[in-house]
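Visitor: Below you will find the structure I want to go over with you.
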Amino acid sequence: MTFRSHMDIALDQARAAALRGEVPVGAVIVRDGRVIAQAGNRTRELSDPTAHAEMLVIREACRLAGSERLGGYDLYVTLEPCPMCAAAIAAARIGRLYYAASDSKSGGVAHGARVFSHSQCHHTPEVYDGLAETEAAALLRDFFAGRR
């Protein structure tokens, strides 16, 4: 089977989030090459600090699967997940995580809490970083530059 990235969909969701005034992070969950759920951040819109793109797609994919476990699913996200989202990824047993830009300030995978490296973490997905990193980082940089 040939690898096909779905990061382009996550980037579209990040752009849509920026247009709503949300931090431009987008995510998509895929199973067997088929998009199951996609979302961008909605923390401000929903007045919900947990409404990160990753949390929204995990919730929707679990709802559709009728299960809290998403083994065999792939998650694409435009920014390194924070510790909250990394913990949810582990709890959902997501198979593979692909993320674009690193987050040295608030990341929870390769930076900061490094959730998957803790002994309390019961599941560690395969992690691939740097997919479309330049484009995702530019979206974030431009968004925050416009806010200053």
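The values are calculated or read from the model by the stated rules, or taken from the named source; none is laboratory data. Just so we're clear, the structure is a prediction, and the values are computed from it rather than from any experiment. Counting neighbours? That spans all protein chains shown, and the Cβs are built from the backbone with ideal geometry, glycine included. These area figures cover heavy atoms from the full protein model, side chains too; ligands, DNA and RNA do not enter into them. Shrake-Rupley method; radii C 1.70, N 1.55, O 1.52, S 1.80 Å.
Visitor: What residues of the range 75-95 lie in the reach of a label at residue 35, counting those whose backbone N is under 15 Å from a point 7 Å from the Cα along Cα→Cβ?
Guide: Hits in the range 75-95 for residue 35 at 15 Å: 75-78.
Visitor: Tell me the per residue accessible area of the range 1-147 using a 1.4 Å probe; a whole number in Å² is fine.
Guide: Values: 7360 Å² over 147 residues.
Ligands and nucleic acids excluded, the result is 50 Å² per residue.
Visitor: Say a paramagnetic label sat at a point 7 Å from the Cα of residue 60, along Cα to Cβ; which residues of the range 24-42 have their backbone N under 15 Å from it?
Guide: Flagged as within label range: 25-31, 34-42.
Visitor: Any chance you could list P(r) for the range 70-124, counting all Cα-Cα pairs in 5 angstrom bins from zero, rounded to whole %?
Guide: Going from the shortest bin to the longest, the percentages are 5, 23, 33, 26, 12, 2.
Visitor: Leaving out ligands, DNA and RNA, what percent of the accessible area of the range 1-127 is carbon and sulfur, probe 1.4 Å? Before the final figure, lay out each step's value.
Guide: On the way: 3020 of 6030 Å².
Carbon-and-sulfur percentage of accessible area, whole number: 50.
Visitor: With Kirkwood's inverse mean 1/r over C-alpha pairs for Rh, give me the Rg to Rh ratio of the range 30-103, two decimals please. Kindly include the intermediate steps, with their values, before the conclusion.
Guide: Details: Rg = 11.6 Å, Rh = 12.3 Å.
On the Cα set of the range 30-103, Rg over Rh gives 0.94.
Visitor: Let me ask something else about it. Using just the helices of the chain, give the 222 nm mean residue ellipticity in deg cm²/dmol: DSSP H runs with n ≥ 4 each add -39,500 (n - 2.57), and the total is spread over all residues, rounded to 500. Intermediate values should be presented prior to the final figure.
Guide: Values: 5 runs with 55 residues, N = 148.
The helix contribution divided over the chain gives -11000 deg cm²/dmol.
Visitor: Let me ask you something else. State log₁₀ I(q)/I(0) for the chain at q = 0.13, 0.15, 0.21 Å⁻¹ as given by the Debye formula over alpha-carbon point scatterers of equal weight, solvent excluded.
Guide: Each listed q maps to, in turn, -0.51, -0.68, -1.37.
Visitor: Normalised by the number of residues in the range 27-108, what is the relative contact order in percent for Cα pairs under 8 Å and 6+ residues apart?
Guide: 28 percent
Visitor: Using alpha carbons only, how many degrees (0 to 90, rounded to 10) separate the axis of helix 53-65 from the longest principal axis of the chain?
Guide: Computed tilt is about 40 degrees.
Visitor: By how many nm would the segment from residue 141 to residue 19 grow when fully extended, if each residue of separation counts as 0.36 nm and the alpha-carbon distance is taken off? Please report the intermediate quantities before stating the final value.
Guide: Details: separation 122, 0.36 × 122 = 43.92 nm, distance 1.45 nm.
Difference between extended and current length: 42.5 nm.
Visitor: In the Gaussian network model of the chain, springs joining C-alpha atoms below 10 Å, which of 79, 56, 19 carries the largest mean-square fluctuation?
Guide: Among 79, 56, 19, the largest GNM mean-square fluctuation belongs to 19.
Visitor: Next question. Check each of the trypsin sites (Lys or Arg not before Pro) in the range 34-113 and keep only those in coil by DSSP with at most 12 other C-beta atoms within 10 angstrom; list them in order.
Guide: Within the range 34-113, the qualifying trypsin sites (Lys or Arg not before Pro) (loop, at most 12 other Cβ atoms within 10 Å) are 105.
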